[in-house]
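Notes follow the structure.
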Amino acid sequence: MPVGGELTLDGLLDIMAGRNLPLAINVKADGMALALKKTFARYGHSNWFVFDMAVPDMRSYLDEEVITYSRLSDVEPSPAWLERAAGVWLDGFDGEWFSNQVIGDLLSQGKQVCVVSPELHGRDCMALWQQLVEFRSENRLTLCTDTPADAAIFFK
């Protein structure tokens, strides 16, 4: 729950000025598609995508042509609007349930894939990172992690 003084999106984009670094926007409120699109456009930031919005709200992002990732997880085994989504947010809440074949199939469909690293759920990440080494040169696969410096070294 916000308590005041939080960094705003405008504040973040001010800090990032001139650096079009990737941003994954975890949507937690409905009806924000157009406002997000306009804010990113105002700052000239094009390297971003949205994910994790309510499934009915996802349609507004797709209709606004915002780069949108659909969820695929052990809890949600059927990604919504996969045919329209630019990518997949691949998560394992209770463990790493997916194989490299699942990732390969998504990539072969032309999807971007962002894998959620297990430490975000309080588990060790090394087994999954080792599994992902096969994709180290695949530029459509990204890793969401709390330890990006460690990941950069590991996947070098």
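Coordinate-derived values only; no laboratory data. The structure displayed is predicted, hence computed values, not measured ones. So basically every Cβ, Gly included, is an ideal-geometry build from the backbone, and we count neighbours across all protein chains shown.
Summary of computed values
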| read-out | value |
| --- | --- |
| Degrees separating the helix 33-43 axis from the principal Cα axis of the chain, which is the longest one | 80 |
| Proximal charge balance of L128 [Cβ under 10 Å; K/R count +1, D/E count -1] | -2 |
| Karplus-derived HN-Hα couplings along the stretch 17-29 (A = 6.51, B = -1.76, C = 1.60, θ = phi - 60°), whole Hz, x at Gly and Pro | 2, x, 10, 8, 6, x, 10, 9, 9, 7, 7, 10, 9 |
| Amide proton proximity set for C144, modelled H, under 5 Å, gap of 5+ | V115, V116, S117 |
| Alpha-carbon centroids, the stretch 56-90 and the stretch 1-37: separation in whole Å | 19 |
| Theoretical ellipticity at 222 nm over the chain - DSSP helices of four or more residues, -39500 (n - 2.57) apiece, nearest 500 | -9000 deg cm²/dmol |
| Under 22 Å from K38, Cα to Cα: lysines that are on another chain or at least 8 residues apart | K28 |
| The stretch 57-110: equivalent-ellipsoid semi-axes (sqrt of 5 x gyration tensor eigenvalues, Cα, Å) | 21, 13, 7 |
| Options (1) 1.07; (2) 1.00; (3) 1.12 - which one matches Cα Rg over 2.2 N^0.38 Å as calculated here | (1) |
| Under the Karplus curve 6.51 cos²θ - 1.76 cosθ + 1.60, θ = phi - 60°, whole-Hz ³J(HN,Hα) for the stretch 89-103, x wherever Gly or Pro sits | 8, 9, 10, x, 5, 10, x, 8, 8, 9, 9, 5, 5, 4, 4 |
| Amide proton proximity set for I25, modelled H, under 5 Å, gap of 5+ | F49, V50, F51 |
| Relative contact order (%) - the stretch 20-154, alpha-carbon pairs under 8 angstrom, separation at least six | 16 |
